[in-house]
Amino acid sequence: MANFNTIISLNVSSAIDWLHQGECIGIPTETVYGLAANALNIKAVAKIFEIKARPKFDPLIIHSNSIEKVQEYVKEFPREAYKLSERFWPGPLTLLLPKNDKIPDLVTSGLPQVAVRVPNHPLSLELLSKIDFPLAAPSANPFGYISPTLPNHVFKQLQGKIPLILDGGKCSIGLESTIIGFENQSPVIYRLGGLAIEEIENTIGKVRIMPHSSSKPQSPGMLESHYAPQKPLYFNSLDYKKKFTPSEMGVIAFNELHPDFPEENQILLSPAGDLIEAATNLFATMRNLDESRVKAIFAYEFPNFQLGPAINDRLRRASVR
Ligand code: TXA
Ligand code: MG
């Protein structure tokens, strides 16, 4: 693997140069930072898997800046999918659509569908508008670890492996996109994410949420253990008491302190009680606790509406069981 002097930069044309040379770069999106490469260049796509140590059975999402560009890579765009894309793109929604031959099989791990999305971040939209290929981009973290929501998160983990990280600041949503596919024309959510179910259902009516499975995941974001810190994380489980005292724990809570732990050990993701704000702070807080002096992490369950179910999903997958 090449050894780069990685820079964090605002220079979109330099980002484009690297992409034309077949390299991978870090890009900001509203959900999490992506590790991006030219989706039509198989060697460049292969580098993504190598840099992330990602298994080849885990397919990638492709990113473009418009519905029209996405249409160049799919065979069909079902009506309801189109409705969702018009309503929510650019935004934290990924659609699974039947791919055409332009998309290499490596991108989709040989699956007939490709995951597509138009991300909502000014720098990446500018970048995407200036290139004539889509970007394959998984989250810019080593496989299985917490997704990055700041340029420095990417830098710390991928330093030397990529030449450049586009500096788009803190991700405004902080949870990966919601993934929707269609089975016999009816919509199925495969991954809960930054777009709340309520919003989706307001647009296309009732959607099914695919029950989680670890044995044969439709989407490895559905793997039972994923998004995990190095320290053990206990999700609403008193099992921590078998190994740790309350003062050894770092605690993630929503908007109020709990009497079970010392105050100074607790981090409130949104003192104002806003689930969107809580989502924005979740991954950075998990990382901070992972790097801090605490021995383990405890997280309370979040309310089950709006972005709450997606937050709980990530905490559950990050947890020890
Ligand atoms: O918000 C996001 O979606 C971020 C930003 C960078 O766009 N990307 C992201 O990518 O979370 P990644 O690779 O970490 O997760 C993508 C998920 C994976 O679990 C993958 O298996 C699933 O999307 N996926 C991609 N293509 C698929 C396909 N053809 N069929 C089923 N699942 C697919
Ligand atoms: Mg990921």
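The values are calculated or read from the model by the stated rules, or taken from the named source; none is laboratory data. As the structure is a computational prediction, the values presented were derived from the model and not from experiment. For neighbour counting, all protein chains shown are included, and Cβ atoms are generated from backbone atoms with ideal geometry for every residue, glycine included. For the accessible areas, the whole protein counts, side chains as well, though only heavy atoms, and no ligand, DNA or RNA atoms are used. Shrake-Rupley method; radii C 1.70, N 1.55, O 1.52, S 1.80 Å.
Looking at residue 133, is it among the aromatic types (Phe, Trp, Tyr) and without any contact (Cβ under 8 Å) to a residue 24 or more places away in the chain? Taking the combined requirement at face value, the residue does not satisfy it. Where strands (runs of 3 or more DSSP E) sit wholly within the stretch 220-295, those with at least 2 residues that are closer than 13 Å to residue 320 by Cβ and hydrophobic (A, V, I, L, M, F, W, C) occupy 233-235. If you check residue 251 against the conditions, is it more than 25 Å from residue 63 (Cβ to Cβ), of a type in the set (A, V, I, L, M) and modelled with pLDDT of 95 or more? Judged against the criteria, residue 251 is a match.
Residues are listed down the side, and each one gets a yes or a no for (1) at positive phi; (2) free of Cβ contacts under 8 Å to residues at least 24 places away in the same chain; (3) over 14 Å from the mean Cα position of the chain (by Cα):
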| site | (1), (2), (3) |
| --- | --- |
| 106 | no, no, yes |
| 144 | yes, no, no |
| 170 | no, no, no |
| 177 | no, no, no |
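Of all residues in the stretch 287-308, those satisfying the criterion of being surrounded by 18 or more Cβ atoms within 10 Å (Cβ to Cβ) and within 21 Å of residue 92 (Cα to Cα) are 302, 306, 307, 308.
Checking 99, 69, 43 one by one, the residue that is in contact with a Gly (Cβ under 6 Å, 6 or more places away or on another chain) and among the charged types (D, E, K, R) is 43 and no other. Residue 176 passes every criterion in (1) within 16 Å of ligand 2 (Cβ to nearest atom); (2) at pLDDT below 95 apart from (2). Comparison of 127, 135, 111 shows that the only residue that is modelled with pLDDT of 95 or more, within 16 Å of ligand 2 (Cβ to nearest atom) and either over 20 Å from residue 10 (Cα atoms) or surrounded by 18 or more Cβ atoms within 10 Å (Cβ to Cβ) (or both) is 135.
If residue 50 satisfies all but one of (1) out of contact with any Phe, Trp or Tyr (no Cβ under 7 Å at 6 or more places or on another chain); (2) within 15 Å of ligand 1 (Cβ to nearest atom); (3) within 18 Å of residue 124 (Cα to Cα), what's the number of the condition it fails? The single condition residue 50 does not satisfy is (3). If you go through the stretch 2-41 and keep only what is hydrophobic (A, V, I, L, M, F, W, C), out of contact with any Leu (no Cβ under 9 Å at 6 or more places or on another chain) and more than 26 Å from residue 102 (Cα to Cα), you end up with just 2. Here residue 154 passes the criteria (1) open to solvent by less than 50 Å² (accessible area, probe 1.4 Å); (2) in contact with a Pro (Cβ under 8 Å, 6 or more places away or on another chain); (3) closer than 18 Å to residue 45 by Cβ except the one numbered (3). Inspection of the stretch 82-98 identifies no residue that is within 15 Å of ligand 1 (Cβ to nearest atom) and more than 22 Å from the chain's Cα centre (by Cα).
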